[in-house]
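The values are calculated or read from the model by the stated rules, or taken from the named source; none is laboratory data. These numbers were taken from a predicted model, which means no experiment stands behind them. Note: ideal-geometry Cβ built from the backbone for every residue, glycine included; neighbour counts use all protein chains shown.
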Number of protein chains: 2
Amino acid sequence: MGKDFLYNKIANGIASQIRTGVLKPGDKLPSVRRLCEEHAIGMNTAKRVFLELESRSMIDARPQSGYFVSSTPYLQLPLPAVSKPSSMAKNNEPDELISKVYANMGDDHLTLFSISAPSGDLLPLAKLKKDIVHATRELKEGGTAYEPLQGNVNLRQVVAMRSLAWGGHLHEDDLITTNGAINAVSLCLMALGKPGDTIAMESPCFPGLLQLAISLGFKVLELPTHPTTGLDIAALRKAVPKINLCLLVPNFNTPLGSRMSDEHKKEIVTLLSQHGIPLIEDDIYGDLYFGNQRPKCCKSFDTEGNVLWCSSVSKTLAPGYRVGWVAPGKYKEKLLKLKLIHSISSAAIIQEAVAGFLRSGRYENHLRQLRRTLQHNYQQYVQAIADYFPKNTKTSRPQGGLAIWVEFSKDTDTRELYDLAIKHHISIAPGRMFTLQNQFRNCMRLCYGLPWSEEIKSKLKQLGTLAKRI
Amino acid sequence: MGKDFLYNKIANGIASQIRTGVLKPGDKLPSVRRLCEEHAIGMNTAKRVFLELESRSMIDARPQSGYFVSSTPYLQLPLPAVSKPSSMAKNNEPDELISKVYANMGDDHLTLFSISAPSGDLLPLAKLKKDIVHATRELKEGGTAYEPLQGNVNLRQVVAMRSLAWGGHLHEDDLITTNGAINAVSLCLMALGKPGDTIAMESPCFPGLLQLAISLGFKVLELPTHPTTGLDIAALRKAVPKINLCLLVPNFNTPLGSRMSDEHKKEIVTLLSQHGIPLIEDDIYGDLYFGNQRPKCCKSFDTEGNVLWCSSVSKTLAPGYRVGWVAPGKYKEKLLKLKLIHSISSAAIIQEAVAGFLRSGRYENHLRQLRRTLQHNYQQYVQAIADYFPKNTKTSRPQGGLAIWVEFSKDTDTRELYDLAIKHHISIAPGRMFTLQNQFRNCMRLCYGLPWSEEIKSKLKQLGTLAKRI
């Protein structure tokens with residue numbers, strides 16, 4: 001994405017001033033001529049600076065007036081508190097709540113703010129269909145035969161190639177394909193842990209990961225997590241003697257959208273490796289960054305093969321395809337054995353089709369567009385929350401991904417809000433879903449993977465009205 | 001399949017005489033005229049009797065001579081012994097052996113007698129492709145969205161409809177779709193058992209099921225199993241106080257191809273239900289019967305919802321599609337929860353495509369043809385074994401399914417035979433794979449899902465020569 005070009009460097013500088021508040025919404029930017037003088041650059045470069053900032057929705061052009069800092073972007077509401085899960089709490093699953101909320105999956109009559117997946121309207125459906133048809137032609141026996149156990153080689157090749165972008169340096173042989181990332185994580189947990197083991201995770205955390213750990217008989221240790229910088233490393237360091245495994249979502253962890261710094265990633269990898277604690281890294285949101293550059297992963301700093309890096313196309317391309325993978329480092333043989341035992345092989349056609357799509361370069365174009373759309377959506381959501389939600393509503397500041405974490409005042413119970421909202425055909429994800437403890441009752445997750453529209457806006461308004469009422 | 005027509009009844013009578021040896025290979029059958037007189041039927045009916053028997057490969061027409069009992073069919077070698085697994089043996093997984101054999105999966109340079117799946121040459125590839133393309137058009141958002149948790153409704157409907165054939169009387173709401181049958185069994189085991197539980201299974205048994213149980217921390221109790229009538233019920237009855245779960249393949253259990261009688265099925269269902277022991281029934285081979293009628297399942301006799309019936313299209317249509325399902329009876333909610341946790345949903349497009357194929361009636365035509373081919377292949381294999389294998393080689397007499405169990409004399413170690421055969425590009429499945437105990441070292445499984453040819457015949461000849469050598 002041309003991160004080394006001069007125009008991009010200058011744009012980043014201005015973006016940083018907007019983010020830190022040096023430049024405020026509505027502020028006029030220097031003229032093109034002025035920019036040329038300031039940076040000793042040509043007209044074309046100066047124009048590209050503005051185009052770049054515009055494409056990031058950070059500035060707006062006003063005819064015959066020049067460029068202004070957008071009024072919507074980087075509108076920031078106060079941050080929710082850093083979570084303080086108890087290290088002593090017994091795991092207490094919010095079973096019924098989760099069943100209730102997930103039962104809505106695929107219901108056309110609802111506005112599903114609850115599901116963290118991109119809407120089909122944001123996906124390259126026609127092109128994917130072509131790749132499916134192509135795959136049925138290309139594959140031996142039309143894809144009806146069992147695949148090699150490690151999975152489709154084309155898919156593994158292209159995932160390995162793409163890992164360069166985040167410093168992964170993977171080889172196709174380092175990867176095993178799976179039925180979506182959750183299946184990858186499931187295999188990792190089964191391979192590395194046993195009932196009674198303790199696993200450290202972020203808090204709040206994706207309910208599916210919590211449920212998975214519980215269903216395998218693990219004890220989950222939820223750790224304090226900052227809404228923007230992610231896991232509290234000091235807490236992890238303290239927990240190390242008590243844990244057998246660690247499962248993290250360092251990039252745009254749902255529901256917070258937090259992003260761990262590279263320094264922290266490196267520190268965690270070293271810490272866990274020293275103590276022989278395997279790190280399962282769920283990186284399904286990694287490609288949905290709002291900044292300029294694909295963030296690194298913990299796997300980027302893994303010299304010992306102790307990080308099991310899991311990802312998929314479920315959040316970027318096709319949730320319903322169930323195509324994922326894992327780079328399990330030194331645990332590869334264990335994973336392969338479990339894959340054979342639990343699923344024999346993956347659906348060949350779909351894997352081949354995704355490999356075709358990823359390889360063609362269409363994926364990069366699609367991702368660029370998707371990231372822009374999601375960032376724009378996020379900004380619209382924040383604006384709507386500011387406009388319609390109760391005063392003192394706090395929100396996380398996702399730096400990528402698909403969801404925003406909303407914290408109401410203490411007396412708002414989002415389980416009640418759920419029941420109320422569903423009557424108005426709106427589905428939300430109450431905060432209690434994202435923990436095994438008695439936390440987050442006044443929080444909820446909103447997904448902004450739906451295409452922005454006046455209807456979505458009015459649904460958010462309605463939701464805000466309901467939140468004020470309870 | 002017209003099982004109630006007069007011609008069919010008469011054909012069954014003659015078939016039974018052939019099977020029991022009243023009529024022997026090469027015997028001349030009565031003439032058409034004679035048959036008319038004997039049964040007081042018309043010429044057309046009599047002719048249909050012979051056509052029917054011919055279509056079952058039981059008789060051959062010889063020009064101007066009449067009909068004769070086929071020389072190949074129902075050639076029967078002596079039966080292997082009833083297994084005698086120990087009830088005290090510690091579970092001892094044949095890990096390395098299994099890894100070695102499964103590593104060959106998909107290797108084009110080998111003759112894979114080891115893989116129990118139909119070759120692509122026996123599958124309706126072109127029609128399946130069309131159904132895939134159709135599915136990408138029909139599905140909401142081209143199949144990229146998450147499905148409803150229970151799985152594709154069209155697939156569930158058609159599986160429910162087809163259950164009438166074996167007395168299942170299922171409703172679409174009774175079914176949950178999965179990634180192949182092994183995933184269905186995996187969910188059942190996770191839902192119903194916990195580490196340390198004891199599970200009763202047939203012996204010999206499909207290695208994948210043994211591995212699955214072991215990987216979940218179960219203790220496997222292998223039970224004596226007859227090569228044609230299946231599980232020894234007296235042994236199960238005796239084991240009941242010690243077991244928590246039971247996992248059976250009553251129809252054409254691989255590697256034996258045995259088939260449990262309806263009486264035994266009913267008896268087992270009642271016995272286990274009385275003791276509150278859930279029965280997981282793996283019925284992946286049920287549609288591949290060699291007789292006239294789809295055999296019943298244990299599920300056919302399940303009035304309490306205690307049988308979890310699992311099946312798939314992996315052995316009949318497309319192994320690589322990973323489309324399976326389970327009718328979990330009263331355990332449905334538990335299963336649904338686990339499906340959500342471990343895989344979220346199944347690959348939508350493939351399920352829709354399979355539903356389309358099954359619904360069209362093409363499936364019945366395909367199955368009829370496939371059954372005929374497999375039965376024919378099986379007969380050719382027996383003939384080749386009789387011709388080329390060491391004297392005293394015994395074989396099971398599969399009544400359906402894809403594989404035959406071969407027992408050599410005591411001093412033959414099939415692990416040695418494997419190593420020898422693989423050098424000649426032949427892969428077999430040594431008997432030790434099918435047990436957790438020290439059994440079956442002189443046995444092996446041969447799959448007859450490859451299209452019969454002179455090359456296959458010569459590979460069997462070569463295998464026989466190698467077996468004689470060691």
Condition met for A:Val269 (part of a helix (DSSP H, G or I) and out of contact with any helix residue (DSSP H, G or I) (no Cβ under 6 Å at 6 or more places or on another chain)): no
Is it the case that B:Leu446 is modelled with pLDDT under 95, buried (at least 18 other Cβ atoms within 10 Å of the Cβ) and not in a helix (DSSP H, G or I)? no
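Checking the conditions here, which among A:Val82, A:Val133 is on the phi < 0 side of the Ramachandran plot and loosely packed, with under 15 Cβ neighbours inside 10 Å? Spell out how you get there, then give the answer.
On the way: A:Val133 fails: loosely packed, with under 15 Cβ neighbours inside 10 Å.
Answer to the selection: A:Val82.
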Helices (runs of 4 or more DSSP H) fully within region B:1-73 counting 3 or more residues that are under 21 Å from B:Tyr289 (Cα atoms) and modelled with pLDDT of 80 or more: B:6-19, B:43-55
Just give me the residues in region A:210-227 being outside any loop (DSSP other than H, G, I, E, B) and within 9 Å of chain B (Cβ to nearest Cβ), in sequence order. A:Gln211, A:Leu212, A:Ile214, A:Ser215
Give just the number: which of (1) more than 8 Å from every other protein chain (Cβ to nearest Cβ); (2) surrounded by 23 or more Cβ atoms within 10 Å (Cβ to Cβ) does A:Tyr321 not satisfy? (1)
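Inside region B:10-59, can you point out the residues that are charged (D, E, K, R) and within 29 Å of the chain's Cα centre (by Cα)? Quick ask: steps written out before the conclusion?
At the first step, the residues of region B:10-59 found to be charged (D, E, K, R) are B:19, B:24, B:27-28, B:33-34, B:37-38, B:47-48, B:52, B:54, B:56.
Passing the criteria: B:Arg19, B:Lys24, B:Glu52, B:Glu54, B:Arg56.
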Please find, within region B:228-262, the residue that is farthest from the other protein chains (Cβ to nearest Cβ) out of those that are surrounded by 24 or more Cβ atoms within 10 Å (Cβ to Cβ) and in a loop (DSSP other than H, G, I, E, B). B:Met260
If B:Leu155 satisfies all but one of (1) of a type outside the set (Asp, Glu); (2) over 19 Å from A:Gln351 (Cα atoms); (3) not assigned by TED's automatic domain parsing to the domain that holds B:Lys337, what's the number of the condition it fails? (3)
The correct count of residues that are among the hydrophobic types (A, V, I, L, M, F, W, C), away from chain A (no Cβ under 14 Å), in contact with a helix residue (DSSP H, G or I) (Cβ under 9 Å, 6 or more places away or on another chain) and part of a helix (DSSP H, G or I) in region B:157-193 is 5
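Inspect all residues belonging to region A:40-53 and state whether any of them is touching a residue at least 40 places away in the same chain (Cβ under 8 Å), away from every other protein chain (no Cβ under 14 Å) and within 30 Å of A:Ser409 (Cβ to Cβ). So that I can check it myself, show each step before the final result.
Of region A:40-53, the ones touching a residue at least 40 places away in the same chain (Cβ under 8 Å) are A:48-49, A:52-53.
Going one step further and asking which of them are away from every other protein chain (no Cβ under 14 Å), we end up with A:48-49, A:52-53.
Applying the additional criterion that residues be within 30 Å of A:Ser409 (Cβ to Cβ) yields none.
There is no residue in region A:40-53 that is touching a residue at least 40 places away in the same chain (Cβ under 8 Å), away from every other protein chain (no Cβ under 14 Å) and within 30 Å of A:Ser409 (Cβ to Cβ).
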Given the condition assigned by TED's automatic domain parsing to the domain that holds A:Gln351, surrounded by fewer than 24 Cβ atoms within 10 Å (Cβ to Cβ), among the polar types (S, T, N, Q) and in contact (Cβ under 8 Å) with a residue 24 or more places away in the chain, answer yes or no: does some residue in region A:193-214 qualify? yes
Among the numbered conditions (1) free of Cβ contacts under 8 Å to residues at least 40 places away in the same chain; (2) basic (Lys, Arg); (3) closer than 24 Å to B:Ala191 by Cα, tell me where B:Lys238 comes up short. (3)
All positions within region B:141-155 that are surrounded by fewer than 22 Cβ atoms within 10 Å (Cβ to Cβ) and either out of contact with any helix residue (DSSP H, G or I) (no Cβ under 7 Å at 6 or more places or on another chain) or modelled with pLDDT of 90 or more (or both): B:Pro148, B:Gln150, B:Val153, B:Asn154
All-but-one check, A:Pro207 against (1) in contact with an Asp or Glu (Cβ under 8 Å, 6 or more places away or on another chain); (2) within 14 Å of another protein chain (Cβ to nearest Cβ), failing number (1)
Any chance you could count how many residues in region B:99-151 are part of a helix (DSSP H, G or I), closer than 30 Å to B:Leu338 by Cβ and either more than 8 Å from chain A (Cβ to nearest Cβ) or aromatic (Phe, Trp, Tyr) (or both)? 5
Out of curiosity, is B:Glu96 within 14 Å of chain A (Cβ to nearest Cβ), touching a helix residue (DSSP H, G or I) at 6+ places or on another chain (Cβ under 7 Å), in a helix (DSSP H, G or I) and of a type in the set (D, E, K, R)? no
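Does B:Gly356 satisfy the criteria of being under 30 Å from A:Ala103 (Cβ atoms), out of contact with any Lys or Arg (no Cβ under 8 Å at 6 or more places or on another chain) and either in contact (Cβ under 8 Å) with a residue 12 or more places away in the chain or not polar (S, T, N, Q) (or both)? Steps first, please.
Values: under 30 Å from A:Ala103 (Cβ atoms): yes; out of contact with any Lys or Arg (no Cβ under 8 Å at 6 or more places or on another chain): yes; either in contact (Cβ under 8 Å) with a residue 12 or more places away in the chain or not polar (S, T, N, Q) (or both): yes.
Taking the combined requirement at face value, the residue satisfies it.
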For B:Ile98, work out the one condition from (1) at pLDDT below 90; (2) crowded, with 18+ Cβ neighbours inside 10 Å; (3) touching a strand residue (DSSP E or B) at 6+ places or on another chain (Cβ under 8 Å) it doesn't fulfil. (3)
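Pick out the one residue from B:Leu450, B:Leu436 that is under 30 Å from B:Met88 (Cβ atoms) and not small (Gly, Ala, Ser). Spell out the reasoning first.
On the way: B:Leu450 fails: under 30 Å from B:Met88 (Cβ atoms).
Only one candidate passes the filter, namely B:Leu436.
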Count of residues meeting criterion [modelled with pLDDT of 90 or more, in contact with a strand residue (DSSP E or B) (Cβ under 7 Å, 6 or more places away or on another chain) and within 14 Å of chain B (Cβ to nearest Cβ)] in region A:340-390: 1
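Would you confirm whether or not region B:44-61 contains a residue that is closer than 28 Å to B:Trp452 by Cα, among the hydroxyl-bearing types (Ser, Thr, Tyr), assigned by TED's automatic domain parsing to the domain that holds B:His424 and surrounded by 16 or more Cβ atoms within 10 Å (Cβ to Cβ)?
As a first pass, look at region B:44-61 and keep what is closer than 28 Å to B:Trp452 by Cα: B:48-61.
From what is left, the residues that are among the hydroxyl-bearing types (Ser, Thr, Tyr) are B:55, B:57.
Keeping just the survivors that are assigned by TED's automatic domain parsing to the domain that holds B:His424 gives none.
No, there is no match, as no residue in region B:44-61 is closer than 28 Å to B:Trp452 by Cα, among the hydroxyl-bearing types (Ser, Thr, Tyr), assigned by TED's automatic domain parsing to the domain that holds B:His424 and surrounded by 16 or more Cβ atoms within 10 Å (Cβ to Cβ).
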Any residue in region B:105-126 that's of a type in the set (Asp, Glu): show its pairings with residues that are in a strand (DSSP E or B) at Cβ separation under 8 Å, as long as the two are six or more apart or on different chains. B:Asp107/B:Ser427
Can you confirm whether region A:402-411 contains a residue that is in contact (Cβ under 8 Å) with a residue 60 or more places away in the chain, in a helix (DSSP H, G or I) and either of a type outside the set (Asp, Glu) or not assigned by TED's automatic domain parsing to the domain that holds A:Leu110 (or both)? no
Subset of region A:156-169 [under 21 Å from the mean Cα position of the chain (by Cα) and crowded, with 19+ Cβ neighbours inside 10 Å]: A:Val158, A:Val159, A:Ala160, A:Ser163, A:Trp166, A:Gly168
